[in-house]
């Protein structure tokens, strides 16, 4: 005998629903472990980069005593920055002087100019650098002064507008 009375869930015996309904005891939960890991990694990244940037900044001392240098009695070397942030060296104060791009050639030519200046009675190597020239390039060229016996080093920074 077949019965047409609903059995369970409103279906007749042997019938199944095409759409399964979620059970009310299935609670939705989120696993936020990956997000917490990501937040900690970002915190560490920002901490490290902030410390690195703070260490890279340098507070240079303020000049209290200035000694004027006459360009005629000094070996003048001009340092200029190009658009792609390379440093060019120009022997002399002339902006139209030939630019020296190769770092090894820069050192050799500045050393020759300093030695020639010492032979002609010039005892100062005057570096004129644009503000955008990197400090490492100024140090690299300025280190030549210690190699040439008896020559002093003076530095001038040019504000370029």
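Among the residues that make up the stretch 31-49, is at least one of them at pLDDT below 70 and either assigned to a helix (DSSP H, G or I) or more than 30 Å from the chain's Cα centre (by Cα) (or both)? Lay out the reasoning, then the answer.
In the first step, residues of the stretch 31-49 are kept if they are at pLDDT below 70; the result is none.
No; the residues of the stretch 31-49 include none that is at pLDDT below 70 and either assigned to a helix (DSSP H, G or I) or more than 30 Å from the chain's Cα centre (by Cα) (or both).
Considering only residues that are in contact with a strand residue (DSSP E or B) (Cβ under 6 Å, 6 or more places away or on another chain) and more than 19 Å from residue 84 (Cα to Cα), which ones fall in the stretch 97-110? Listed by number, the residues that qualify are 97, 109, 110.
I need the full set of residues from the stretch 82-99 which are at pLDDT below 85 and within 18 Å of residue 139 (Cβ to Cβ), in order please. Residue satisfying the conditions is 85 alone. Test residue 11 against the stated conditions and say whether it is at pLDDT below 70 and out of contact with any strand residue (DSSP E or B) (no Cβ under 8 Å at 6 or more places or on another chain). Spelling it out, residue 11 is indeed at pLDDT below 70 and out of contact with any strand residue (DSSP E or B) (no Cβ under 8 Å at 6 or more places or on another chain).
Condition test on residue 113, is it surrounded by 14 or more Cβ atoms within 10 Å (Cβ to Cβ), over 29 Å from residue 62 (Cα atoms) and either in contact (Cβ under 8 Å) with a residue 60 or more places away in the chain or in contact with a strand residue (DSSP E or B) (Cβ under 6 Å, 6 or more places away or on another chain) (or both)? If you could, list the steps in order and put the result at the bottom.
Working: surrounded by 14 or more Cβ atoms within 10 Å (Cβ to Cβ): yes; over 29 Å from residue 62 (Cα atoms): yes; either in contact (Cβ under 8 Å) with a residue 60 or more places away in the chain or in contact with a strand residue (DSSP E or B) (Cβ under 6 Å, 6 or more places away or on another chain) (or both): yes.
When the stated conditions are applied, residue 113 passes them.
Only residues that are exposed (fewer than 15 other Cβ atoms within 10 Å of the Cβ), closer than 17 Å to residue 108 by Cα and in contact with a helix residue (DSSP H, G or I) (Cβ under 7 Å, 6 or more places away or on another chain) were counted in the stretch 121-159, giving 1. Is it the case that some residue within the stretch 90-110 is surrounded by fewer than 19 Cβ atoms within 10 Å (Cβ to Cβ), farther than 23 Å from residue 68 by Cα and over 29 Å from the mean Cα position of the chain (by Cα)? Scanning the stretch 90-110 turns up at least one residue that is surrounded by fewer than 19 Cβ atoms within 10 Å (Cβ to Cβ), farther than 23 Å from residue 68 by Cα and over 29 Å from the mean Cα position of the chain (by Cα).
The values are calculated or read from the model by the stated rules, or taken from the named source; none is laboratory data. This one's a predicted model, so the numbers in the text were calculated from it and none came from an experiment. Counting neighbours? That spans all protein chains shown, and the Cβs are built from the backbone with ideal geometry, glycine included.
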